[in-house]
Amino acid sequence: MVRALPPLLLLGVLAILPLSDLGPNSVKVLFLTFVAVATSVGWNILGGFAGQVSFGFAVFYGLGAYTTAVGINLGVSPYATYPLASAVAAVASLLVGLPTFRLRGPYFAIATIGVSEATRVIMTNLEFTGGASGYRITEHVPFRQIEHYYTGLALASLAVAVSIIVRRSRFGLGLRAIRDDQEAAADIGVNPYAYKLGAHAIAAALTGAAGGVYARYAAFIDPEGVFGFPRSVGILLMPVIGGVNTISGPVIGGGVYGVIEEELVARFPQLHLLLYGVLVMLIILFEPGGVIGLLQRARRLALRRKVASWQPS
Amino acid sequence: MATLLSVEDLTKYFSGLVALDRVSFEIREGEIVGLIGPNGAGKTTLFSIIAGSQAPTSGKISFEGRDFTRVKPFRAVHEGIARTHQIPKPFLSMTVHENVEVGLRFGRDRRARNLENEALEILELVGIPSLARMPAAALSVGDLKRLELARTLAARPRLLLCDEVCAGLTESEMQSILGLLRRIQALGTTVIYVEHNLRAIVSTCHHVIVLNFGKKLAEGPPEKMQNDPAVIEAYIGKKT
């Protein structure tokens, strides 16, 4: 229960924070961070828990965004469009997963890039959603930033809750077994194909909802923005920064990314993808555990110092 | 006793190379059956096909009278066939206890129950109860073999396929593993046991099947196989 205290405290602070006089820009950054955290935590369920690295999560983000956008314009309540966005993304994840989960490791990763790019091209040429020129959401209610803030916070909390539940369940144990050794998992009774599809669907549902929540805030989306390859890389990068295959790692990674991403894109519009690439390589080379790995390393070091300086009295 | 497993004309080609050539045999319930043969005789391939990790080129397998020829590995486990691997394949991110828990929660009997106690019972049976909280990655080769066996037993198999559980172990470790196999059999599990060591086979098995170059060379009681000229020739070579 002690371990549950810091995250609950953080949640409490974030819940009452808007009561203080935050500027609209800070609220915006926090909102985008919540969306980032939700996608990061979602990706980690497949990429971390089950160890299946996908470069194709923009597909689910984008489909969620477009589902909400089209839904709102058709007069559906925004809050009813989010589950719809999840459902569309989850169905898409099955269609993507059925062929690609026959592949392993890097081959799976490459296949997801292909699916992601194909989806982007289709959406760029889809007349009904305006193609490459994008799609505008028209709502006949006044824009209230604080409503978006709380929607984002609720979404991020939901994602973390789902992640904890999955981690502790029998399903989560099966995913860990698959991550460690897929053959051994199958030989002890785990159905790897079905479990990977399940993890993919849960991850996609969270990512789709995040896309929907983002779309309503942005009020304008275009294929390059929500389906683009940088989006896929960004979603993968967050849990890698924070520490894959943990509960808090993807939250930390999403937090870091959400805060710095806007700034990076604004300052280095052409270069930011290159920066991500370098960052990923540095993390994989020096600390595959991400921020969480670094913290653990620091703790071990501190402990060793303590032991070394210990004097019998 | 009743036939538990029957294998009929099982053949497996690896792109032109024949690994198993029309192998047929039956396993009766409750026995420990030894499967021996020189390196490359097809023992592990036979195991993989029975456990469902590989599909045969032709032939038929039935388990308790039902067709199991192209069964998926996890389905085979749910129905009661589980295997160990020659080189242990532990889940390295987990503790010893968690490894066993995977077997308990995904094996044949998946009802909710007291996992803690059952896992400990199995670890006691294989002789490593004190290692329950250790990370699997920290275990020695001998203990990894015990863990492999513990995890497979946790799946509650009716037919246990044991692939060279004694290879690389010391004499005393081997004796304790053989004793363990006898205890597992006494508890009602049928065992097929791949082994190089003839002495281990003779001291443990009721029945022996000899493979050579993918073909069944002979089968019978262990004492008889030990003195069979064809078997001796396959193992040691022809007398000059």
(request) Only residues that are within 14 Å of chain B (Cβ to nearest Cβ), in a helix (DSSP H, G or I) and exposed (fewer than 15 other Cβ atoms within 10 Å of the Cβ): list them for region A:147-176, please. (result) A:ARG168, A:ARG170
(request) Select from region A:177-194 the residues that are touching a residue at least 24 places away in the same chain (Cβ under 8 Å) and crowded, with 24+ Cβ neighbours inside 10 Å and list them in ascending order. (result) A:ILE178
(request) Considering each residue of region B:106-123, count those that are over 20 Å from the mean Cα position of the chain (by Cα) and surrounded by fewer than 18 Cβ atoms within 10 Å (Cβ to Cβ), and give that number. (result) 11
(request) Would you tally the residues in region A:1-49 being within 28 Å of A:LEU173 (Cβ to Cβ), more than 15 Å from the chain's Cα centre (by Cα) and either part of a loop (DSSP other than H, G, I, E, B) or touching a residue at least 12 places away in the same chain (Cβ under 8 Å) (or both)? (result) 6
(request) Hey, could you check region B:70-105 for residues that are part of a loop (DSSP other than H, G, I, E, B) and surrounded by fewer than 18 Cβ atoms within 10 Å (Cβ to Cβ) and say which is farthest from the other protein chains (Cβ to nearest Cβ)? (result) B:ARG70
(message) Among the residues that make up region B:150-157, is at least one of them within 11 Å of B:THR84 (Cα to Cα), hydrophobic (A, V, I, L, M, F, W, C), part of a helix (DSSP H, G or I) and out of contact with any strand residue (DSSP E or B) (no Cβ under 9 Å at 6 or more places or on another chain)?
(response) yes
(message) The conditions are (1) touching a Pro at 6+ places or on another chain (Cβ under 7 Å); (2) within 24 Å of A:LEU10 (Cβ to Cβ), and A:GLY289 fails exactly one of them. Which is it?
(response) (1)
(request) Among the residues of region A:82-140, write down those that are hydroxyl-bearing (Ser, Thr, Tyr), surrounded by fewer than 15 Cβ atoms within 10 Å (Cβ to Cβ) and part of a helix (DSSP H, G or I). (result) A:TYR107, A:SER133
(request) Could you please find all residues in region B:1-58 being more than 28 Å from A:GLY189 (Cβ to Cβ) and surrounded by 22 or more Cβ atoms within 10 Å (Cβ to Cβ)? (result) B:ILE36, B:GLY37, B:ALA41
(request) Consider only pairs whose beta carbons are under 6 Å apart and that are at least six residues apart or on different chains; among these, list those whose first residue lies in region B:97-111 and is over 18 Å from B:THR84 (Cβ atoms) and whose second residue is of a type in the set (Asp, Glu) and assigned to a helix (DSSP H, G or I). (result) none
(request) Search region B:188-224 for residues being free of Cβ contacts under 8 Å to residues at least 40 places away in the same chain and within 22 Å of B:ILE50 (Cα to Cα), and hand back the single one that is surrounded by the fewest Cβ atoms within 10 Å (Cβ to Cβ). (result) B:GLY220
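Where a number appears in this text, it was derived from the coordinates with a stated rule and is not lab data. Computed from a prediction, not measured in an experiment: that's the story for all the values here. We place every Cβ from the backbone using ideal geometry, glycine too, and count neighbours over all the protein chains shown.
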